[in-house]
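**Student:** Sharing a structure here in structure tokens format.
The values are calculated or read from the model by the stated rules, or taken from the named source; none is laboratory data. Predicted, not measured: the structure shown is a model, and the values here were computed from it. Glycine also receives a Cβ, built like all others from the backbone with ideal geometry; neighbour counts cover every protein chain displayed. Heads up: the accessible areas ignore ligands, DNA and RNA and are worked out on the full protein's heavy atoms, side chains in. Shrake-Rupley method; radii C 1.70, N 1.55, O 1.52, S 1.80 Å.
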Amino acid sequence: MKPRIPLLAIAFALASSFAQATTLRVANAGDITSMDPHSFNETLQLSFTGSIYEPLVGRAKDMALTPALATKWTPTSPTVWRFELRRGVKFHDGTPFDADDVVFSFARGAGEGSDMKGYTSPIKAVRKVDAFTVDIETAAPFPILPDTLTSLYMLSKKWCEENKAEKPVDKRKGIENTASFKTNGTGPYRLKERQPGTRTVLVRNFNYWDKVEGNVDEVVFTPIGNDATRVAALLSGEVDVMEPVPLQDVERVKASGNLTALQGPELRTIFLGMDQKRDELLFSNVKGKNPFKDRRVRQAFYQAIDIEAIKSRVMRNAANPTALMVGPGVRGFQPDMNKRLPHDPEAAKKLLAEAGYPNGFELGMNCPNDRYVNDAQICQAVAANLARIGVKVNLQAETKNTYFPKILRRDTSFYLLGWTPSTTDAQDAMYNLMATPTDKGQGQFNLGWYSNPKFDELALKVQSETDQVKRNALIREAFKIHQDDVGHIPLHQQALAWGLRSKVSLVQLPDNRMFFKWITVN
């Protein structure tokens, strides 16, 4: 006969296991926009859902490529890569992961409503070879294809079909579906609770295929938009990790005794974009024409901005002014070209007068107030700078959950945006931010519709060039064209600042993604 285990012992064991469960409380200035990993190509969104869903190719702690749902990838021809899939992986509902899910996920990521077309558009076809092998064919040689796949997460074909979530949530049109508030990934955490704007809770997936280095069993994520409230929550012990730490509070957090302010360089570039397509701006008192179609107006705006004052007063020196759309740490960055046009209000006034606006003009500006470090304050400073050359800016600063759908529809005349190349390669910014927009995904985040055919030609060559010397020369030529055109107004690369309790150890990546599987709470 088998010995009986006393009920009291069972109860004690269960109580002990619950007592030992480790909860991590995380706060951020903004909320995750959706649980759909294809709906919004934004760092916070991809960082959070990256603990639920996984790509074929991941990144290690040093940002090097590492196997995820694919164990191996090999080019079999100049335009075909073969991916061998990981066996024995299951989605959270127990459904096995296989090649059908990969083919489905790529089609979904390339489909209507997806925000991930910038990663899928170079792909011509995704073919199932067998249950655990897929071939990905590109329209032209694409040597950095594996780099571009680190943000394209795999979904369950069966689950999406059963839940009528075959297409991504389209935030631009306000279209929602089941994938916006329910999840079914292969990652180390699964969704327990979703209250948009209030809190989102994850719990461990104990059937995860890989080892989890940290000890976090539950993650409670809370958006706290107010800087002072967010800092107070950290200081009082209500949260364990929060970001960003307001720049004015970094030293205060450091001096608290039981907290740490973890700072580091970020790959993100903050910049301004201008509507250069419409014949008349949506939000301006100039009628019958578009001032931004004149390069002199764009340059006047550039030279009116006192970037050093923004760096010292707004960013408290936690920013590196830039003249390029990518920064140090991104492959293809050109240090010798990183020289801004001089701040010169008088020259800016002269350029406006030459362009036919001696008294300036009025226009609207869109800006988030909870996405980037001191984003609203940056826009306020820009507006004040432009006022000195006769340009009256009607600034609309708002939460990112209403800001992004608006500007992604291109309902804007002048806007602030930040971009982190997920590939850590210049081609990412060239293709997504600077190339002429097409319906296939090129220029998907070129929201002001800057367009130069020669730049587009060079961007395509950069995409397929395998010789690094030739590739670098092409990047330089393209950057020069964009600078000469004043296609955008680069501002700076911001610095990371995360606040955490001393009992927490984690990994801060330069792309500002936080993976809960690497976090330990002592």
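**Student:** So for the chain, averaging the separation of alpha carbon pairs under 8 Å that are six or more residues apart and normalising by length, what relative contact order in percent results? Write out the running numbers ahead of the final one.
**Tutor:** Working: 1109 pairs, mean separation 104.8, N = 522.
Across the chain, relative contact order equals 20 percent.
**Student:** In addition: Students often get this wrong: which residues of segment 361-390 have the backbone nitrogen under 19 Å from the point 7 angstrom along Cα-to-C-beta of Glu354?
**Tutor:** Residues passing the 19 Å test: 361, 389-390.
**Student:** While we're here: What net charge is computed for the residues neighbouring Glu457, neighbours being all others with C-beta under 13 Å from the C-beta of Glu457, Lys and Arg scored +1, Asp and Glu -1?
**Tutor:** Details: positive: Lys454, Lys461; negative: Asp456, Glu465, Glu477.
Around Glu457, the surrounding residues sum to -1.
**Student:** Moving on. Residue by residue through segment 493-505, which ³J(HN,Hα) values in whole Hz follow from phi under the Karplus form 6.51 cos²θ - 1.76 cosθ + 1.60 (θ = phi - 60°), with glycine and proline marked x?
**Tutor:** 9, 7, 9, 7, 8, 10, x, 8, 6, 4, 6, 9, 10
**Student:** Please compute the net charge surrounding Phe283, taking Lys and Arg as +1 and Asp and Glu as -1 over other residues with Cβ under 11 Å from its Cβ. Spell out each step's value before the answer.
**Tutor:** Values: positive: Arg278; negative: Asp275, Glu280, Glu362, Asp411.
Its environment carries a net charge of -3.
**Student:** Using a 7 Å offset from the Cα along the Cα-to-Cβ direction at both Thr520 and Ala384, what is the distance between the two label points in nm, to one decimal?
**Tutor:** 4.6 nm
**Student:** Report the extension gain between Lys211 and Glu251 in nm, rounded to one decimal, defined as 0.36 nm multiplied by the number of residues separating them, less their alpha carbon distance. Before the final figure, lay out each step's value.
**Tutor:** On the way: separation 40, 0.36 × 40 = 14.40 nm, distance 3.60 nm.
Extra length available between Lys211 and Glu251 comes to 10.8 nm.
**Student:** Calculated from DSSP H runs of 4 or more alone, at -39500 (n - 2.57) each and per residue, what is the 222 nm mean residue ellipticity of the chain, nearest 500?
**Tutor:** On the way: 15 runs with 138 residues, N = 522.
About -7500 deg cm²/dmol.
**Student:** Also, I was wondering about something else. Pop the C-beta distance of Glu346 and Glu308 into the FRET formula with R0 = 25 Å and round what comes out to the nearest 0.05.
**Tutor:** Values: r = 17 Å, r/R0 = 0.67.
Step by step, r from the Cβ atoms, then E = 0.90.
**Student:** Tell me, what is the FRET efficiency for Lys173 and Trp449 to the nearest 0.05, using R0 = 22 angstrom and their Cβ-Cβ distance as r?
**Tutor:** Working: r = 19 Å, r/R0 = 0.88.
Computed FRET efficiency for Lys173 and Trp449: 0.70.
**Student:** How do the peptides 269-275, 502-508 rank, highest first, by the average count of neighbouring beta carbon atoms within 10 Å per residue?
**Tutor:** Numbers: 269-275: 23.9, 502-508: 15.7.
Per-residue Cβ counts within 10 Å, averaged per peptide and sorted highest first, yield 269-275, 502-508.
**Student:** Mind jotting down the three principal axis lengths of the chain based on Cα atoms? Whole angstrom, largest first.
**Tutor:** 98, 57, 41
**Student:** Write down the accessible area per residue of the chain in Å², having rolled a 1.4 Å probe over the full set of protein chains. Don't jump to the answer; show the numbers that get you there.
**Tutor:** Working: 20890 Å² over 522 residues.
Normalised by residue count, the accessible surface of the chain is 40 Å².
**Student:** Nearest 0.05, what FRET efficiency do Ala473 and Lys440 give at R0 = 25 Å with Cβ-Cβ as r?
**Tutor:** On the way: r = 27 Å, r/R0 = 1.06.
According to the calculation, E is roughly 0.40.
**Student:** Leaving out ligands, DNA and RNA, and with a 1.4 Å probe, what % of the accessible surface on the chain is carbon or sulfur?
**Tutor:** On the way: 10800 of 20890 Å².
Carbon with sulfur: 52 percent of the solvent-accessible area.
**Student:** Still on this structure: Mind checking the dipole of the chain: about its Cα centre, +1 per Lys or Arg Cβ, -1 per Asp or Glu Cβ, Debye to the nearest 20?
**Tutor:** Around 320 debye, computed over the chain.
**Student:** By residue number, which cysteines of the chain lack any other Cys whose Cβ falls under 4.7 Å from their Cβ?
**Tutor:** So, Cys160.
**Student:** How large is the charge dipole for segment 366-458, taken about the Cα centre, if only the Cβ atoms of Lys, Arg (+1) and Asp, Glu (-1) carry charge, to the nearest 20 debye?
**Tutor:** Values: 9 positive and 9 negative charges, 71 e Å.
Dipole size: approximately 340 debye.
**Student:** P(r) for segment 48-91, please, calculated from all Cα pair distances in 5 Å bins and given in %.
**Tutor:** With a bin width of 5 Å, the distribution comes to 5, 19, 24, 25, 16, 8, 3, 0.
**Student:** If each residue of separation counts as 0.36 nm, what is the full-extension length gain between Val201 and Asn163 once their alpha-carbon separation is subtracted? Could the numbers behind the result be given before it?
**Tutor:** On the way: separation 38, 0.36 × 38 = 13.68 nm, distance 2.12 nm.
Result: 11.6 nm gained on full extension.
**Student:** Suppose the chain between Leu65 and Val129 were pulled fully straight at 0.36 nm per residue; how much longer would it get relative to their current alpha carbon spacing? Mind showing how you got there, number by number?
**Tutor:** Details: separation 64, 0.36 × 64 = 23.04 nm, distance 2.35 nm.
Result: 20.7 nm gained on full extension.
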